[in-house]
Amino acid sequence: MVTLSKSIGDRKSVIVGYDAVSPLGSDLNTQWENGINGKSGIAPLTRFQLSDNFPVHIAGEVPDIDTSPYPFLSPRELANWKSPIFKYAMLVVHRALEMSGIEITDELSPRVAVTFSSAVGGLETVIQADRRMMAEGKLPHPFTNPNSCINMVGGKISILTHATGPITSSITACSTGTTSMIMGAMLLETGKADVAICGAVDFALVETLVAGFATMNGAYKKKPNQPEEPAAFASRPFSINRRGFVISEGAGAIILTTKEFADTHGLNYSIQLAGWGMTSDAHHFVAPHVPTVSRCIAESIQHSGISPEDIDAINAHAASTQIGDKVEFEALKNIFRDNIPPTTANKSLIGHAMGASSAIETIFAMEGMNRDTLLPTINYQPDPEIPINSLQTKPNKLKQEFVLKNAFGFGGCNSCVVLQKIN
């Protein structure tokens, strides 16, 4: 077992592996190439049959994956795990661990934490079971409740990887992915683990959920008595014609270790989690609040030991909502004044994958740091009330030492992280 160091610097979290699936593709290189080329992952909604009066017709759907190379994703292994969150969560974690080079041995196992989570979980299994009971009078499948338990995705990852350290499923709505990283970093810095399997998964394209987002005027829907716009143009953060978020799906896994552990075991890393901030709005159940969002950003920068002037780029939350985008801009103005760093909004490309979005976008941010490139924000039409002149609408070559990632969720849950390029 690794001897714990008393040095906070040695226990700082570094990223040794990551992987994602999103509407841009099922492997990371494809996603990056599609993103660089400004290709939208938004298309007609096909996850369920649409009635003529259903309000949402488009979505960001993850492509099918070839599960044959992965025995743990065989039809037999997945027979009782009908919710797609399990298949995709286990896939991205497996590939992220492969990238890291970590072998979870019996000796290491108690020192590996799992904070991987979900905002929605497998709720569709309960909905389907309820409909079956009402229509046919049949009792639910015995695995219905396990499929719907949000913490079960972490449990399945623990079983897959043999990680027996601390396990928790922190749920902070659409900031769940970044919160998972923060919780992992806490466990590493306090000496409770040497490795943390972080990230999030969400597959919320379920009829009831999609309709619910539409009726609360959160999700994009076409204008009444108007033809449907091309799906690729629907997700448009910070734009004057934004009409709400486009619901999507996906998963992202990030493997954190202490710097000490990575150095001792010869693991490769180029980015560390330099700092983070978490705040609660205590204001409104869905509308974000400028003061507490601003403080979350400020605290993440302060925790990193740097100044706002040191931030080289921002990966925005930017869900395309009327209030949310404006609040985020005002918060950025509070912190950076008239010098907001180059900013990109990945949801323009992939839509909003609920709790998984901040994990996927953090991975895109890290890929950009390693490639010295910012992904473009597509579909942008300037809004006079949001004069965000730093928004990158084309791929931009840019060396980035410090990148701020923002994530904000329903219930006033704010989680921001600062990533630092160190090699």
Residues of the stretch 356-409 satisfying the condition of being surrounded by fewer than 24 Cβ atoms within 10 Å (Cβ to Cβ), out of contact with any Asp or Glu (no Cβ under 9 Å at 6 or more places or on another chain) and either aromatic (Phe, Trp, Tyr) or assigned by TED's automatic domain parsing to the domain that holds MET90 (or both)
TYR380
Looking at this structure, is GLU103 modelled with pLDDT of 95 or more, part of a loop (DSSP other than H, G, I, E, B), among the acidic types (Asp, Glu) and within 19 Å of VAL16 (Cα to Cα)?
yes
Could you count how many residues in the stretch 307-355 are in contact with a helix residue (DSSP H, G or I) (Cβ under 8 Å, 6 or more places away or on another chain) and of a type in the set (Phe, Trp, Tyr)?
1
If ASP130 meets every condition in (1) over 21 Å from ARG47 (Cβ atoms); (2) surrounded by fewer than 17 Cβ atoms within 10 Å (Cβ to Cβ) apart from one, which number is that one?
(1)
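Evaluate the following for ILE350: is it of a type in the set (A, V, I, L, M, F, W, C), out of contact with any Phe, Trp or Tyr (no Cβ under 8 Å at 6 or more places or on another chain) and surrounded by fewer than 24 Cβ atoms within 10 Å (Cβ to Cβ)?
Working: of a type in the set (A, V, I, L, M, F, W, C): yes; out of contact with any Phe, Trp or Tyr (no Cβ under 8 Å at 6 or more places or on another chain): yes; surrounded by fewer than 24 Cβ atoms within 10 Å (Cβ to Cβ): no.
In short, no.
For the structure I just gave you, tell me whether ASP52 is at negative phi and without any contact (Cβ under 8 Å) to a residue 40 or more places away in the chain. Lay out the reasoning, then the answer.
Working: at negative phi: yes; without any contact (Cβ under 8 Å) to a residue 40 or more places away in the chain: yes.
The answer is yes for ASP52.
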Regarding the stretch 59-70, can at least one residue be identified that is of a type outside the set (A, V, I, L, M) and part of a helix (DSSP H, G or I)?
no
Among the residues of the stretch 89-116, the number that are touching a Cys at 6+ places or on another chain (Cβ under 9 Å) and either surrounded by fewer than 24 Cβ atoms within 10 Å (Cβ to Cβ) or aromatic (Phe, Trp, Tyr) (or both) is 1
PRO142: surrounded by fewer than 24 Cβ atoms within 10 Å (Cβ to Cβ), assigned by TED's automatic domain parsing to the domain that holds LYS259, assigned to a loop (DSSP other than H, G, I, E, B) and not polar (S, T, N, Q), yes or no?
yes
Evaluate the stretch 301-321: report whether one residue or more is under 30 Å from LYS39 (Cβ atoms), in contact (Cβ under 8 Å) with a residue 40 or more places away in the chain, surrounded by fewer than 22 Cβ atoms within 10 Å (Cβ to Cβ) and in contact with a strand residue (DSSP E or B) (Cβ under 8 Å, 6 or more places away or on another chain).
yes
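Name every residue in the stretch 284-339 that is in a loop (DSSP other than H, G, I, E, B) and over 28 Å from ASN379 (Cα atoms), in order of residue number.
Of the residues in the stretch 284-339, the ones in a loop (DSSP other than H, G, I, E, B) are 284-289, 304-307, 311-312, 316-321, 337-339.
Across the stretch 284-339, the qualifying residues are HIS284, PHE285, SER304, GLY305, ILE306, SER307.
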Surrounded by 21 or more Cβ atoms within 10 Å (Cβ to Cβ), in the same structural domain as HIS57 (by TED's automatic domain parsing) and under 22 Å from the mean Cα position of the chain (by Cα), is that true of ARG236?
yes
Output the number of the condition that ASP10 fails; it satisfies all remaining conditions of (1) part of a loop (DSSP other than H, G, I, E, B); (2) under 30 Å from TRP276 (Cα atoms); (3) under 23 Å from the mean Cα position of the chain (by Cα).
(3)
Across the stretch 81-113, what is the total count of residues that are more than 16 Å from the chain's Cα centre (by Cα) and β-branched (Val, Ile, Thr)?
4
Leading residue by the ranking (nearest to ALA345 (Cα to Cα)) among those in the stretch 402-423 that are aromatic (Phe, Trp, Tyr) and assigned to a strand (DSSP E or B)
PHE408
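The values are calculated or read from the model by the stated rules, or taken from the named source; none is laboratory data. Keep in mind that this is a model prediction, so the values were computed, not measured. No Cβ is skipped: glycine too gets one built from the backbone with ideal geometry, and neighbour counts run over all protein chains shown.
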